[in-house]
1. Are there strands (runs of 3 or more DSSP E) fully within segment 394-454 with at least 1 residues that are more than 23 Å from S363 (Cα to Cα) and at pLDDT 85 or above? List them.
2. Among the residues of segment 507-540, write down those that are part of a strand (DSSP E or B) and over 30 Å from K483 (Cβ atoms).
3. Does segment 92-109 hold any residues that are crowded, with 19+ Cβ neighbours inside 10 Å, hydrophobic (A, V, I, L, M, F, W, C) and modelled with pLDDT of 95 or more, and which are they?
4. Residues that are among the β-branched types (V, I, T) and in contact with a Gly (Cβ under 7 Å, 6 or more places away or on another chain): does segment 535-556 have at least one?
5. Here are some residues: G16, G113. Which one is in a loop (DSSP other than H, G, I, E, B), at pLDDT 85 or above and among the small types (G, A, S)?
6. Of the numbered conditions (1) surrounded by 19 or more Cβ atoms within 10 Å (Cβ to Cβ); (2) at pLDDT 90 or above, G499 fails exactly one; give the number of that condition.
7. Quick check on F124: is it of a type in the set (F, W, Y) and crowded, with 24+ Cβ neighbours inside 10 Å?
8. L56: modelled with pLDDT of 95 or more, of a type outside the set (D, E), open to solvent by less than 20 Å² (accessible area, probe 1.4 Å) and in contact with a Ser or Thr (Cβ under 9 Å, 6 or more places away or on another chain), yes or no?
Amino acid sequence: MTRRRTTRLRRTLLAGTTAIAVTAVTAGIVAAAQEPTKAAKGPELSLVAATNSVTLTSWKEEPGVYLDLGTYLIAEGRPLELKVTRKSYKDPVAVTQTMYEGGKAKAKKLPTGTVKDFSGLPGFSEITLTDKAGKKVLTRRESFCPNNASGRVRPDAPAKSKYPESCPTNPFTLGSVWGVEKGWAANTYAGSYGEPVQLPAGTYTARVGVAKQYRDLFGMADKAATVEVTVVERSDEGEEGSTGVAPRSAKAGEHAGHGAGHQAPTAHAGHGPGHAPSRAEAAAPVTSGAGPSYNVGHGPLKAAPPALPWALKKKQQSALSQQARDTRGQTDGSRRAPALEPLSKRPTGKASVPDVPKPDLRSLPAYGITISDGDKDVPGKDYLAFSANVWNAGPAQLVVDGFRSPGKAKMDAFQYFYDAKGKQVGYTPTGTMEWDPRPGHVHWHFTDFASYRLLKADKKEAVRSGKEAFCLANTDAIDYTVKNANWHPYNTDLATACGEENSISVREVLDVGSGDTYTQDLPGQSFDITGVPNGTYYIQVLANPEKRLKETSLDNNSALRKIVLGGKPGKRTVTVPAHDLVNAN
């Protein structure tokens with residue numbers, strides 16, 4: 001099964017981290033450092049340019065430059081803390097800011113409509129470019145994710161930021177936390193959330209400011225940053241003055257590697273000989289949800305901006321060179337996460353399911369729904385491709401270990417349970433794990449985690465997906481406001497989660513607040529609708545179908561997404577109505 005891994009958690013807006021203690025998010029009020037006055041206070045925010053000048057590259061084959069100008073939002077005194085939520089898919093997205101009053105943190109509701117989704121503050125940055133003659137050549141506004149490429153701006157700032165590492169892009173995200181840690185700065189670059197601009201080679205002056213609505217909202221001074229911009233034109237085929245040729249960015253469906261939040265493949269694809277500029281200055285392209293994914297990232301989600309601080313860009317590996325998998329222990333390219341180690345031995349003693357917190361697996365409605373030829377281009381064959389996500393609403397992790405008896409092809413799987421102090425207090429058998437040697441997989445799959453069905457209008461089964469085994473990883477930040485949500489999951493890709501062919505044991509974990517997206521885009525995974533009549537249907541995503549996993553509740557494991565099939569054989573169509581307020585196919 002090919003899989004696309006999101007949001008995001010990964011290459012999402014920036015390998016920074018975000019602020020707000022989990023207790024602050026879940027309770028809304030937490031103890032904070034004593035303040036000298038009773039007045040409610042927020043952070044002292046300012047916009048700065050890290051450098052006075054930048055050089056941007058426009059490639060002849062695909063003209064246009066991304067305005068990565070090196071401007072940052074700095075938070076002093078207190079962190080910028082924003083909680084973004086919606087009660088249900090029938091409710092709009094709302095945002096509150098954490099303010100401090102009398103030593104306590106309080107939630108301040110920001111105006112309705114401040115945000116539309118979970119990808120960041122819309123229209124935050126105002127950018128104006130003028131040419132040598134002083135003529136205005138560009139004016140635009142770009143969104144800003146506070147969880148963007150972050151770094152400290154003074155030595156006494158906290159060594160680590162509390163915040164998540166992305167702004168989620170899954171259309172069915174329920175809750176997110178954004179922030180800039182105090183003494184830290186977040187890159188305002190919008191990356192591929194914005195569009196490239198057409199600029200001839202030459203020199204320009206960029207003026208970057210914060211839109212008035214946000215200056216008023218956060219009490220910022222009207223002080224813009226100025227950056228001198230040099231645009232140079234290069235070619236993939238090399239040209240005079242070019243010191244090397246860097247690889248092209250991967251297109252949707254190519255072996256681009258991994259990329260929530262977050263959630264996309266690496267943005268800066270590496271350096272050519274002689275330190276030539278990277279070919280891919282934007283994040284990964286939008287994926288279609290229908291082509292071979294080879295761990296490309298989320299299904300049809302828009303890729304997030306580059307997530308690397310400047311010092312780490314030089315170390316970034318080419319996404320193309322990774323082919324079907326990341327390097328061992330690699331997550332979003334900006335950090336290395338240790339693999340989650342399974343226990344070295346099978347559990348001993350009597351199996352039991354103790355009365356302790358357990359995971360709560362929930363399904364999201366399908367998205368990225370499209371008609372596909374199954375990548376086989378077989379005349380007359382039609383497949384319905386889609387992306388599906390099962391997430392953990394907590395309050396406990398889902399922890400599954402697999403153990404293999406010498407010489408056996410499969411592992412025996414066990415679910416583990418922990419008390420409030422993190423001590424293992426029980427376990428129970430929960431199926432098996434199997435090795436998948438196919439390209440794009442090459443890892444251990446846990447069986448019976450989820451299943452997918454195409455249901456008729458009367459909710460009776462029409463087609464069932466052949467997908468039945470999964471490598472669990474925290475690909476998407478679905479709701480980081482739930483109790484015990486982990487804002488920094490380790491196993492955000494296949495390399496950190498799913499073992500090697502010669503593994504004798506494997507641990508797979510689905511953290512609280514995170515979900516795991518799979519894209520069903522190949523025959524056997526997608527629905528073969530060649531002989532399915534036109535009409536109204538429902539895609540069902542069903543978590544824990546055999547009820548082998550022990551959960552807090554089994555009542556929320558199914559999610560339905562309505563679709564309408566039309567067209568003629570070989571040219572089928574699909575119409576995807578909005579799911580309440582979520583109008584994403």
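1. In segment 394-454, the matching strands (runs of 3 or more DSSP E) lie at 398-403, 410-418, 424-436.
2. Passing the criteria: Q520, P523, S526, F527, D528, G535, T536, Y537, Y538.
3. V93, V95
4. No, there is no match, as no residue in segment 535-556 is among the β-branched types (V, I, T) and in contact with a Gly (Cβ under 7 Å, 6 or more places away or on another chain).
5. G113
6. (2)
7. Judged against the criteria, F124 is not a match.
8. Spelling it out, it is not the case that L56 is modelled with pLDDT of 95 or more, of a type outside the set (D, E), open to solvent by less than 20 Å² (accessible area, probe 1.4 Å) and in contact with a Ser or Thr (Cβ under 9 Å, 6 or more places away or on another chain).
The values are calculated or read from the model by the stated rules, or taken from the named source; none is laboratory data. Model, not experiment: these values are computed from the prediction. Cβ sites come from the backbone with ideal geometry, for glycine too, and all protein chains shown count toward neighbours. Areas reflect the complete protein model, heavy atoms only, side chains present, ligands, DNA and RNA absent. Shrake-Rupley method; radii C 1.70, N 1.55, O 1.52, S 1.80 Å.
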